[in-house]
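The values are calculated or read from the model by the stated rules, or taken from the named source; none is laboratory data. What you see is a predicted model, and the numbers here were worked out from it, not measured in a lab. All Cβ positions, glycine included, derive from the backbone under ideal geometry; neighbour counts span all protein chains shown.
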Amino acid sequence: MKKFLLSLAVLCSISYGGNLDSFLQKLNKETYQVINVKNNEVYIAGKDLHVGEVLDIKEQTGRIINPLSHQFLGYSYKEVAKVKIEKVYDNFAVGNIISGKKPSVGDIAKIDTSDICFKGSDEKLYDIAAIFPNVKSGENCALTIKEFPKGYGIAFSRIPGGFIKKSIYEASSQGVVIKKASIRDLHLLVTSKFIKSVGSLVLSADVGDLYGNGKEYLVLLTRDNLLIYQLLRDDVVKIADMSLPAGHPISVSVGRIGQGKEDYILVNMFTGSDMSSFIVKMIGDSPVIVAKHIHYFMSILDKKHPHKTFWGQTFTADSKFGAVKQLAFENGEVKAVQNVDVPAGFRIDGASLYKGDTIFIDSSHRLRVFKNDTELYSSSAVFGGSYAYVNIPFINDTTMKYIFYEKGTPSNLEGLPVFLIGANKESSIEKFFGITKYAYGNLYALDIGGKDNELVYMKKLRGASFEEAIEGIISTKEGIFVITGKVGTIPIQNNSDIYKISFKVL
């Protein structure tokens, strides 16, 4: 035991982020790839592999297609071998075949989860059993998890592999649970990790289960295309794209508005003097428009209740934002179901419903929080908009640039539920020359609590500020992603980067 604890202390630099549940869920779906085979040695591409891990190697045998809807559901596999990792490098690992036959380059590898042990409280054992029903009480398995007062030790084939700290809600010392009531009590530092450059300017982003198979996909909207990415642990891989019809794209929202399990993509576009939005569904490997010419700015304000919060707000060149309707998507058409009463100054572009409260950014660049008609909070911080805008007719045959906001996302910081939102700071070029340009974007966390969720506190998070603008904040099973936007003097210089962020308690 002493040797195990000492090894974990030495390995603190490779401690896992997040919590134990998210780590175990990743084990279920994380995949790697065989890149070389030499005699009994198998080379596997991937990061975060550990000495002692046992991998299942599988060969892809075909595509699975729903014969009724012709929807692509995934791939079929057959087991080839089991490989135990012996050496780990920055971007790949080397293992030895311990059973089965020699795999081939291109075969898929997944962590073997058939032999898992847990040593700790009965409560946590039941939690783990909900993810892996075959978990055993004890130790010395291919994957062993040991519970300690401040976290969980992870060992692969008896070799220590890392330590997962308990959240503030979960951490205990001599049986006393330590709880924090608010992010007021925390000193947090935001750190960011670069994931990928998109190659064009992203105007809006969202995430959803596009196939109804439990997997999340990142959806990015640019001026010319809709881009679909598969989310991995520390990477994103583009799987599809679609050229946009004529018009000015503004934003994207993803949610389950139909009768099936899959999420739909709502694309808001402005054409001429009115909205001309459309809805996209993934059919096989392709995004396909299934409804168009929708005269609303559409959004799903609470993904836990997508049908109830599928709203649309009118937006025209003359009247700007207007009436709000609850919408329904039936038989390939979008219909207005009923009027929605919203606070004065409500704009749907940066709006969300969180804990029953309405959050939005008004045209004066202030973040506001309402419970029904009662205003709970109005920010002193200024929220400067995004790179999504349209030019609308103004006086004397001139045009006016109308800038839109990006909405935030529910998330959690060290086990505390919060609402994350970005605020972009205008650059001096914007102020003096009227060119849309931002200097940097900061992250804020909203804490809404109290008996009736009427107490609101907003905190600017220390650490990473993003150049030039935050164009999207996405909370996923794989972590929290921030999409930035930069513009140059010519369109070819416009670009966006994807970062994965984490939080450290100081």
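If you filter the range 127-151 down to residues that are of a type in the set (D, E, K, R) and assigned to a strand (DSSP E or B), you find that the one that is surrounded by the fewest Cβ atoms within 10 Å (Cβ to Cβ) is Lys136.
Considering Leu461, Leu506, the condition of being surrounded by fewer than 16 Cβ atoms within 10 Å (Cβ to Cβ) and farther than 22 Å from Glu216 by Cβ is satisfied by Leu506 alone. Screening Asp341 against (1) among the charged types (D, E, K, R); (2) under 27 Å from Leu443 (Cα atoms); (3) in a loop (DSSP other than H, G, I, E, B); (4) out of contact with any Leu (no Cβ under 6 Å at 6 or more places or on another chain) leaves a single unmet condition, (2).
Please state which one of Leu220, Leu210, Leu203 is on the phi < 0 side of the Ramachandran plot, assigned to a loop (DSSP other than H, G, I, E, B), crowded, with 20+ Cβ neighbours inside 10 Å and modelled with pLDDT of 90 or more.
Answer to the selection: Leu210.
Close Cβ contacts (under 6 Å, 6 or more residues apart or on different chains) running from residues in the range 298-323 that are acidic (Asp, Glu) to residues that are modelled with pLDDT of 95 or more comprise Asp302/Thr309; Asp302/Leu353. Here Ile65 passes the criteria (1) touching a Gly at 6+ places or on another chain (Cβ under 9 Å); (2) β-branched (Val, Ile, Thr); (3) closer than 19 Å to Phe163 by Cα except the one numbered (3).
Might you let me know whether the range 99-120 holds any residue that is among the aromatic types (Phe, Trp, Tyr) and at pLDDT 90 or above? Yes, there is a match, as at least one residue in the range 99-120 is among the aromatic types (Phe, Trp, Tyr) and at pLDDT 90 or above.
It is to be established whether one or more residues within the range 427-434 are modelled with pLDDT of 85 or more and assigned by TED's automatic domain parsing to the domain that holds Ile490. Within the range 427-434 (the criterion being modelled with pLDDT of 85 or more and assigned by TED's automatic domain parsing to the domain that holds Ile490), the answer is no, since none of the residues qualifies.
Here Gly214, Gly199, Gly208 are screened, and the one residue that is over 23 Å from Gly488 (Cβ atoms), in contact (Cβ under 8 Å) with a residue 12 or more places away in the chain and small (Gly, Ala, Ser) is Gly208. Determine whether Ile265 is at pLDDT 95 or above and farther than 24 Å from Ile403 by Cβ. Here the answer is no, as Ile265 does not meet what is asked. Looking across the range 447-457, just one residue is touching a helix residue (DSSP H, G or I) at 6+ places or on another chain (Cβ under 9 Å) and not hydroxyl-bearing (Ser, Thr, Tyr), and that is Asp447. The test for being closer than 27 Å to Ile154 by Cα and touching a Phe, Trp or Tyr at 6+ places or on another chain (Cβ under 6 Å) does not hold for Val88.
Take the residues of the range 95-118 that are of a type in the set (Val, Ile, Thr) and buried (at least 18 other Cβ atoms within 10 Å of the Cβ): which is farthest from Asp56 (Cα to Cα)? It comes out as Ile116.
Residues satisfying the criterion are present in the range 152-174 (criterion: of a type in the set (D, E, K, R), at pLDDT 70 or above, in a strand (DSSP E or B) and not assigned by TED's automatic domain parsing to the domain that holds Pro417).
Condition check ((1) in contact with a Phe, Trp or Tyr (Cβ under 7 Å, 6 or more places away or on another chain); (2) loosely packed, with under 15 Cβ neighbours inside 10 Å; (3) in a strand (DSSP E or B)) across all residues:
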residue	(1), (2), (3)
Val237	yes, yes, yes
Val252	no, no, yes
Gly258	yes, no, no
Leu266	no, no, yes
Phe278	no, no, yes
Pro287	no, no, yes
Pro306	no, no, no
Phe315	yes, no, yes
